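Encoded as structure tokens, the structure appears first; notes follow it.
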Amino acid sequence: MSYRGDVSTGGAPDVRELDSLIITKVSVGPMENNAYLVRCRSTGDQVLIDAANEAPRLLDLAGETGLSHVITTHRHMDHWVALEEVVAATGAVSLAHTADAEGLPIDSETLVDGDTVRVGGCALEVIHLVGHTPGSIALLYQDPAGIPHLFTGDSLFPGGPGKTTDPAHFESIMNDLESKVFGRLPDETWFYPGHGRDSTLGAERPSLGEWRARGW
């Protein structure tokens, strides 16, 4: 596998080609946000996960095919700076969890836990992870020919959960991660965070107790 998921702001994207889905990861400035373009091989349908910034670059990535949807993983501004411009240019439908949608700059259709977003012949399942924000979501692609792929926004990174602001929020995000992610998905699940490098659940699972103990 040539894909490594190691991208830098201003650098080239990294592309992962699965049997049915193509995942393109790119980093945009100034906060080194990851944006992900997912494309169905059979239909050409494309969905963008987090129109974080640098709208011209994201639009160039989408190309003439355009976008059917833009999904925002949570309401923090660094993940949607380019949202309005990208949607205006492509006519894509903006999607976000109902608890975070009001924090976005444009009207967005709302998602809840368990919803499915179609990418042509493929499907992304919405997993609601409360803690980093009230409406943070992860998006799960269950590859029928391989391992699960999980786009975690700022809810899960290599080394720990996303930042929380009080102990109740930390307890919530850990509970959701343990029950909805680590408790459900296998070690080989590859996850794609909102910043930085990717990892697998197996690489992070031994540290769950440590994360609990340190409280962040």
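The values are calculated or read from the model by the stated rules, or taken from the named source; none is laboratory data. Given the structure is predicted, the values throughout are model-derived calculations rather than measurements. We place every Cβ from the backbone using ideal geometry, glycine too, and count neighbours over all the protein chains shown.
Quick check on Arg57: is it touching a residue at least 12 places away in the same chain (Cβ under 8 Å), charged (D, E, K, R) and not in a helix (DSSP H, G or I)? Judged against the criteria, Arg57 is not a match. A residue that is surrounded by fewer than 23 Cβ atoms within 10 Å (Cβ to Cβ) and among the aliphatic types (A, V, I, L, M) cannot be found anywhere in the range 38-52.
Of all the residues in the range 11-34, those that are over 21 Å from Asp154 (Cα atoms), aliphatic (A, V, I, L, M) and either touching a Pro at 6+ places or on another chain (Cβ under 7 Å) or in contact (Cβ under 8 Å) with a residue 24 or more places away in the chain (or both) number 2. Just one of the numbered conditions (1) touching a Gly at 6+ places or on another chain (Cβ under 9 Å); (2) of a type outside the set (Phe, Trp, Tyr); (3) surrounded by fewer than 18 Cβ atoms within 10 Å (Cβ to Cβ) is not true of Val126: (3). Any residue in the range 70-87 that is aliphatic (A, V, I, L, M) and farther than 24 Å from Gly196 by Cα? Within the range 70-87, one or more residues are aliphatic (A, V, I, L, M) and farther than 24 Å from Gly196 by Cα. The set of residues in the range 1-26 being of a type in the set (Lys, Arg) and outside any loop (DSSP other than H, G, I, E, B) consists of Arg16, Lys25.
Test Gly10 against the criterion of being out of contact with any Cys (no Cβ under 9 Å at 6 or more places or on another chain), over 17 Å from Arg118 (Cβ atoms) and at pLDDT below 95, and give yes or no. So Gly10 passes the test. Flag set for Asp14, criterion: of a type in the set (Asp, Glu), more than 20 Å from Gly120 (Cβ to Cβ) and within 17 Å of the chain's Cα centre (by Cα). What about Val93, is it crowded, with 19+ Cβ neighbours inside 10 Å, at pLDDT 95 or above and of a type in the set (Val, Ile, Thr)? No; evaluated as a whole, the condition is false for this residue.
What about Gly131, is it touching a strand residue (DSSP E or B) at 6+ places or on another chain (Cβ under 6 Å), surrounded by 17 or more Cβ atoms within 10 Å (Cβ to Cβ) and farther than 16 Å from Ser20 by Cα? No. Every condition in (1) surrounded by 15 or more Cβ atoms within 10 Å (Cβ to Cβ); (2) out of contact with any Gly (no Cβ under 9 Å at 6 or more places or on another chain) holds for Ser68 except the one numbered (2).
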